[in-house]
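Okay, structure first, notes after.
Values quoted throughout were computed directly from the atomic coordinates according to the rules given, and no laboratory measurement underlies them. These figures come from a predicted structure and were not determined experimentally. Note that each Cβ is placed from the backbone with ideal geometry, even for glycine, and that neighbours are counted across all protein chains shown.
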Amino acid sequence: MLHNSIGPVDSLPRTAGWGYPEPYTRDLLLAILGIAVTQNTLLHSSIKQVLETLAANQTTHGHIPSLVNDPKNVGASDTTPLFLLAVGIYRTHIGEEDFLGEAVEKALNWMAYQSPSDRYMVVQQPTSDWRDEQWVLGYGLYVNTIYYSALQLLGKLDRAQQLADEIHEYLLLDGPYYAVWTYKIYADNRFDLLGNSLAILSGLASREQAAAIIAWIEQACQKMRDDGQLALGLPPNYFPYIYPEDQQWHDRYTLYNQPGDYHNGGIWPFICGLYIAALVASGAFELAEEKLLLLTDLVKKTNGHSVTFGFNEWINAQSGEPRGQDWQTWSAALYLYAAKCVEDRMALIFNDNSGLPYK
């Protein structure tokens, strides 16, 4: 993280130690969870620079760009709620109470206009969130859980409660977990590990529902291991995988999103870190410790570099081999966050914010 904290682009942090020299907004903002649990002033300064630069490059309407330094690189559905989340974390855990007040109000206004029903849940276009090779259409779980978490941290509790009510109404379709997305008569009821982990961490899911979600994950992953679809003891980011014969398959997936690869079921260390933190939040401490040890083994793997810890971007689910870039900022940061949550037996940042768990 220290290596990546100053990169070649305007001295902003880089996204990965090799490849990805650019300051990608979503990667760096999610990394604030790991940065916030450290006492490292250099890392605190680096994320403050990111947030201030994003505020300076915010659009007139309040949208946050996908590259920290490029105000023209816009169109992402998750950058603006991530900005709100990161400012909320910075205010309460690192910096001053009124940090970037004007930019926050503009971003909140932008989010209010992302609801076509003029209510609270926000919508997105396909491939507009962190999954740039996967279709998530309409009301997406991940973006709305980020938004809900941000509203809690910023003290917008009434708005957060209204959003939570709608998430439960629209995204609890069948089973204990939340669907990936839904819109009108269309939906994807496969499992999104990132979105559901955030739902548990933020308190959106009740304690009982969180336990049911975790039990379902572990049972489903064991079956995948038994069937030869999963090589590791950590869950994929998305499953069951989409296959060419499935209705939701797109031709481009042949090149970039095969079953068990990338966004179609790849294992992402940063998401596994959040899952471990969610286990802590639910009180499953022993399981969290077990998964942290597995993640520790996983982040040692490298994709061609002679380093002790690879902190690779993503891992193929069937082979267990790393396929992305090594020394990924968010892989290292969310590992650190998970380790600290396990050590303290508390879902840090989420457990001590001003919001309350969903009723």
Sequence of T15, T38, T296 once ranked by neighbouring C-beta atoms within 10 Å, starting from the fewest: T296, T38, T15
Formal net charge of residues neighbouring T59 (Cβ-Cβ distance under 10 Å; K, R +1; D, E -1): +2
Alpha carbon Rg of the range 42-119, scaled by the compact-globule rule 2.2 N^0.38 Å: 1.07
Three principal axis lengths of the range 223-334 [C-alpha, angstrom, descending]: 39, 35, 23
Alpha-carbon centroids, the range 95-156 and the range 65-93: separation in whole Å: 10 Å
Residues of type lysines that K72 reaches as a straight line, Cα spacing below 25 Å, ignoring anything fewer than 8 places off in the same chain: K48, K106
Fully extended contour minus Cα-Cα distance, from T254 to Q39, at 0.36 nm per residue: 73.0 nm
Within a Gaussian network of the chain (alpha carbon springs, distance under 10 Å), most fluctuating of Q161, Q222, Q248: Q248
Under 15 Å, Cβ to Cβ, from W330 - net charge with Lys/Arg +1 and Asp/Glu -1: -4
Relative exposure of D27, D261, D251, judged by other C-beta atoms within 10 Å (fewest first): D251, D261, D27
Residues in the range 221-244 reached by a label modelled at E133 [backbone nitrogen below 20 Å; 7 Å Cα→Cβ]: 229-232, 235-244
Ranked E166, E313, E343, criterion: other C-beta atoms within 10 Å, fewest first: E343, E166, E313
[x] 27, 24, 21; [y] 38, 21, 19; [z] 41, 21, 19, with the label sought being that of the calculated semi-axes √(5λ) of the Cα gyration tensor in Å: [x]
Nearby lysines by direct alpha-carbon distance to K291 (threshold 24 angstrom, same-chain neighbours under 8 apart not counted): K223, K300, K301, K340
